[in-house]
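Taking it in order: structure first as structure tokens, then the write-up.
The values are calculated or read from the model by the stated rules, or taken from the named source; none is laboratory data. Keep in mind that this is a model prediction, so the values were computed, not measured. Neighbour counts are summed over all protein chains in view; Cβ atoms, including those assigned to glycine, are modelled from backbone coordinates with ideal geometry.
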Amino acid sequence: MIGRLLMILLMGLLTACGGLSEPKISTIQQAIAMEVSYTQQSLTRLLQLTATTPPKFSISHVQVQQQDPLEIQNLTGFHIQGHYDLTLQLPQRPIYQQQNTFDIYLQRQQEGKSWRLAHPQGDGTWKTELISG
């Protein structure tokens, strides 16, 4: 318990000094796109749509409101919250949604070259997936 508290304190100090590399906006944008894609897939299954291809979309104007360091499976991570704009490319016309909120967790890999989108599983474990880019 004390070790975990010291780790979080150390991460906070390193972040304040610029010692931790924070995720780039493009990485956050890719993570949001992954979340939107997962939502589309869930809706397709829920509505039992078989022949429908989910609409293409784009994420823009990502604004980070809060970014807090934390430990995810013994690696550096961040809890990131903010807003983004979404454009859905529908056959009839595009639809624009502004100021959508996001709340994501990102885990930096040990080598420092890649990030993973992380989902807390409720039992203290995390499910992570590589953010390709």
Requested in this report: Of the conditions (1) among the aliphatic types (A, V, I, L, M); (2) more than 13 Å from ILE28 (Cα to Cα); (3) touching a helix residue (DSSP H, G or I) at 6+ places or on another chain (Cβ under 6 Å), ILE59 clears all except one; give me its number.
Outcome: (2)
Requested in this report: Hey, can you tell me all the residues within the stretch 60-114 that are aliphatic (A, V, I, L, M) and touching a residue at least 12 places away in the same chain (Cβ under 8 Å)?
Outcome: VAL62, VAL64, LEU70, ILE72, LEU75, ILE80, LEU86, LEU88, LEU90, ILE104, LEU106
Query - Selected residue [under 16 Å from ALA33 (Cα atoms), in contact with a strand residue (DSSP E or B) (Cβ under 9 Å, 6 or more places away or on another chain) and either modelled with pLDDT under 95 or of a type outside the set (Val, Ile, Thr) (or both)] from SER58, SER132, SER114 - result: SER58
Query raised in the report: Taking the stated definitions as given, is LEU46 modelled with pLDDT under 95 and exposed (fewer than 14 other Cβ atoms within 10 Å of the Cβ)?
Result: yes
Query raised in the report: Among the residues of the stretch 17-35, how many are closer than 27 Å to GLY124 by Cβ and either surrounded by fewer than 14 Cβ atoms within 10 Å (Cβ to Cβ) or at pLDDT 80 or above (or both)?
Result: 11
Query raised in the report: Where in the stretch 58-133 are there strands (runs of 3 or more DSSP E), lying wholly inside it, with at least 1 residues that are in contact with a Pro (Cβ under 8 Å, 6 or more places away or on another chain) and of a type in the set (Ser, Thr, Tyr)?
Result: 75-89, 94-108
